[in-house]
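Data block below; observations after.
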Amino acid sequence: MNQQQRKYALDRVNSIVCAQVDLVKDKHTKKAVRLGTNERFNAFKAGRWVIKKDIKALSQYTDIVDVLDFTEECDEVKNDDAIDKDTLSIRKAASKVSDQIMLGDTEVALKLLEAFAESFTKVK
């Protein structure tokens, strides 16, 4: 393999790894929930939100987000331990393919790369 072919093969490995890692991250991530302005107003008007327990007084410039407990909204939550666990095997396989591309036989490297790419299509 010449230098350009080697670079292409390594870029291909990296793109497959990135796509697989993104799938794993999506699997172990609970998406954030955000309400629009009208949805917030309607929820407040319907009495679905309460004043935060630690609020003692309001000033003239108090912002609504500092006063109300927006229980219907939540931040994105990632399970980093599960992500790390699931991506470890992906990274190990990618490392093996990359090592073979850089240090090993061309035909073996191409077969490993094809097998690695096929394992990605089976994961979906």
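Structure data summary
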| quantity | calculated |
| --- | --- |
| Residues within region 59-96 that are without any contact (Cβ under 8 Å) to a residue 24 or more places away in the chain and not in a helix (DSSP H, G or I), tallied | 7 |
| In region 28-43, residue nearest to D69 (Cα to Cα) [restricted to those that are modelled with pLDDT under 85 and in contact with a helix residue (DSSP H, G or I) (Cβ under 9 Å, 6 or more places away or on another chain)] | R40 |
| Which numbered condition S95 fails, given (1) within 15 Å of V21 (Cα to Cα); (2) modelled with pLDDT under 90; (3) more than 19 Å from the chain's Cα centre (by Cα) | (2) |
| Test: residue in region 44-58 that is surrounded by 12 or more Cβ atoms within 10 Å (Cβ to Cβ) and at pLDDT 85 or above | no |
| Index of the failed condition, A109 passing every other in (1) loosely packed, with under 12 Cβ neighbours inside 10 Å; (2) closer than 30 Å to N2 by Cα | (1) |
| Residue in region 79-90 that is nearest to H28 (Cα to Cα), counting only those that are of a type outside the set (A, V, I, L, M) and touching a helix residue (DSSP H, G or I) at 6+ places or on another chain (Cβ under 7 Å) | D86 |
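Residues are listed down the side, and each one gets a yes or a no for (1) farther than 21 Å from S119 by Cβ; (2) outside any loop (DSSP other than H, G, I, E, B); (3) assigned by TED's automatic domain parsing to the domain that holds D99:
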| residue | (1), (2), (3) |
| --- | --- |
| Q4 | yes, yes, yes |
| D11 | no, yes, yes |
| G47 | yes, no, no |
| K53 | yes, no, no |
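The values are calculated or read from the model by the stated rules, or taken from the named source; none is laboratory data. Everything numeric here is computed off the predicted structure, so don't read it as measured data. Every residue, glycine as well, gets a Cβ built from its backbone with ideal geometry; the counts of neighbours run over all protein chains shown.
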